[in-house]
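Visitor: Pasting a structure below so you can have a look.
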Amino acid sequence: MGRAYRCIASGLSGFVQQLAVSYVRNGYWFYVAGAVPEGKDPLDVDAKFARLYGLSASKYVRHRRRRKGTAAVQYLRLGRFFVLLATHGDSLFFVRERKMVRDVRRTPIKVGGYAVGYTNRRVSVRIERNEYRQLKASFVSRACNSQDRLEAAFASLPYEPYAPVRSQLLAVLRAVNRRRAAAGLPVLDRGCVRTFRRIVQPFAESS
């Protein structure tokens, strides 16, 4: 593979952080998402993509390619799930993957309950629609449970509070509090919703 290309995510939070902050935000809008088939070694797949798309090239080479109008390509994997991403330009990526290429501005990348997209000239990381509906229904259905237990449940939710995620979680909290207020119960403290995102190491140490 030449120069080591880091592509194995440290976990879901690292995957989403790298995808959203380092790739989608920087114009990697075209993508193919897939899964390494059972029976195939993911490391072999990593090496294959690195060779095909020159992923191990230096930053200088990548910059020179982009100045010539060549698309830049990145690859990221979490377990057996992977995503290949590209910027505008000419690339073997658009030839080989043409039938499966999606545009994140139209079709968000869904992974681990998140949907990562690009709208209104900015990256959007939110809880995926169906997951959000289920989450909200679950909390509203037990809105009259113990205040301490519900606040602990909110505080322990695994979603990193990117701005859209935070808005979604606060909407769930408001729905729960409306139900509690109608029942004459004390409302939950807004502070049970985490508002600061943890910055994590995006890549596994062994990658």
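Visitor: Under 11 Å from the Cβ of PHE196, count the other residues' Cβ atoms, weight Lys and Arg +1, Asp and Glu -1, and hand me the total.
Guide: It works out to a net charge of +3.
Visitor: Given q = 0.20 Å⁻¹, what are the Debye log10 I(q)/I(0) values for the range 109-154, with equal point scatterers placed on the Cα positions and solvent ignored?
Guide: So the normalised log intensities work out to -0.72.
Visitor: Can I get the semi-axes of the range 56-132's equivalent ellipsoid? Compute them from the C-alpha gyration tensor as square roots of 5 times the eigenvalues, in angstrom, largest first.
Guide: 26, 14, 13
Visitor: Using alpha-carbon pairs under 8 Å, 6+ residues apart, how would you state the relative contact order of the chain in percent?
Guide: After rounding, I find 26 percent.
Visitor: Can you sort LYS59, LYS136, LYS40 by 1.4 Å-probe accessible area, starting with the largest?
Guide: Heavy-atom accessible area, descending, gives LYS59, LYS40, LYS136.
Visitor: Counting only C-alpha contacts under 8 Å and six or more residues apart, can you give the relative contact order of the range 48-150 as a whole percent?
Guide: Across the range 48-150, relative contact order equals 13 percent.
Visitor: Right, another one. For the range 25-179, with all protein chains present and a 1.4 Å probe, just round the carbon and sulfur fraction of the accessible area to a whole percent.
Guide: 48 percent
Visitor: Follow-up question, since we're still on this one. Using the Kyte-Doolittle scale, find the helices of the chain whose mean hydropathy is at least -1.0 and whose Cα atoms extend 27 Å or more along the helix's long axis, counting only whole DSSP H runs.
Guide: 163-182
Visitor: May I ask you to give the average projected area over all directions of the convex hull of the Cα atoms of the range 30-70, in nm² rounded to one decimal?
Guide: Projected over every direction and averaged, the Cα hull of the range 30-70 covers 3.6 nm².
Visitor: For the chain, compute Rh as the Kirkwood radius over C-alpha pairs and then the Stokes-Einstein diffusion coefficient at 10 °C and 1.306 mPa s; write the answer in µm²/s, rounded to an integer.
Guide: My calculation gives 84 µm²/s for D.
Visitor: Given H placed 1.01 Å from N in the peptide plane, which residues other than close sequence neighbours of HIS88 have an amide H under 5 Å from its amide H?
Guide: TRP29
Visitor: Oh, and also: Hey, could you pull the Cα Rg and Dmax for the range 1-124, both in Å?
Guide: Radius of gyration, then largest Cα-Cα span, for the range 1-124: 13.8, 41 Å.
Visitor: How do the peptides 80-91, 46-57 rank, highest first, by the average count of neighbouring beta carbon atoms within 10 Å per residue?
Guide: Order by mean packing, descending: 80-91, 46-57.
Visitor: For the range 119-207, what is the accessible area per residue in Å² when the probe is 1.4 Å?
Guide: Normalised by residue count, the accessible surface of the range 119-207 is 61 Å².
Visitor: Report the calculated FRET efficiency for ARG122 and ARG66 (r = Cβ-Cβ distance, R0 = 22 Å), to the nearest 0.05.
Guide: The formula returns an efficiency of 0.55 here.
Visitor: Name the most mobile residue of ALA35, ALA183, ALA171, meaning the one with the largest mean-square fluctuation, in a Gaussian network model of the chain with Cα contacts below 10 Å.
Guide: Among ALA35, ALA183, ALA171, the largest GNM mean-square fluctuation belongs to ALA183.
Visitor: Can you give the net charge of the other residues whose Cβ lies under 10 Å from the Cβ of ALA163, counting K and R as +1 and D and E as -1?
Guide: +4
Visitor: For n ≥ 4 DSSP H runs only, could you compute -39500 (n - 2.57) per run for the chain, divide by its residues and tell me the 222 nm figure to the nearest 500?
Guide: Here the helix-only value at 222 nm equals -10500 deg cm²/dmol.
Visitor: I've got another one for you. Quick check: residue separation of ARG198 and LEU52 times 0.36 nm, minus the Cα distance between them. What number comes out in nm?
Guide: Full extension of this stretch gives 49.2 nm more.
Visitor: Also: Which stretch or stretches of the range 183-207 have amide N atoms under 20 Å from the point lying 7 Å from ALA4's Cα along the Cα→Cβ direction?
Guide: 200-207
Visitor: With Cβ to Cβ distances under 10 Å as the rule, what net charge do the other residues near ASP90 carry (K, R +1; D, E -1)?
Guide: With Lys, Arg at +1 and Asp, Glu at -1, the neighbours total +2.
Visitor: Percent relative contact order of the range 111-160, based on C-alpha pairs within less than 8 angstrom and at least six residues apart?
Guide: RCO, the range 111-160: 23 percent.
Visitor: With each label point set 7 Å from Cα along the Cα-Cβ vector, what nm distance links THR107 and ARG80?
Guide: According to this spin-label approximation, the distance is 2.1 nm.
The values are calculated or read from the model by the stated rules, or taken from the named source; none is laboratory data. The structure displayed is predicted, hence computed values, not measured ones. FYI the Cβ positions are ideal-geometry reconstructions off the backbone, even for glycines, and counts take in every protein chain you see. Calculation scope for accessible area: heavy atoms of the full protein, side chains included, ligands and nucleic acids excluded. Shrake-Rupley method; radii C 1.70, N 1.55, O 1.52, S 1.80 Å.
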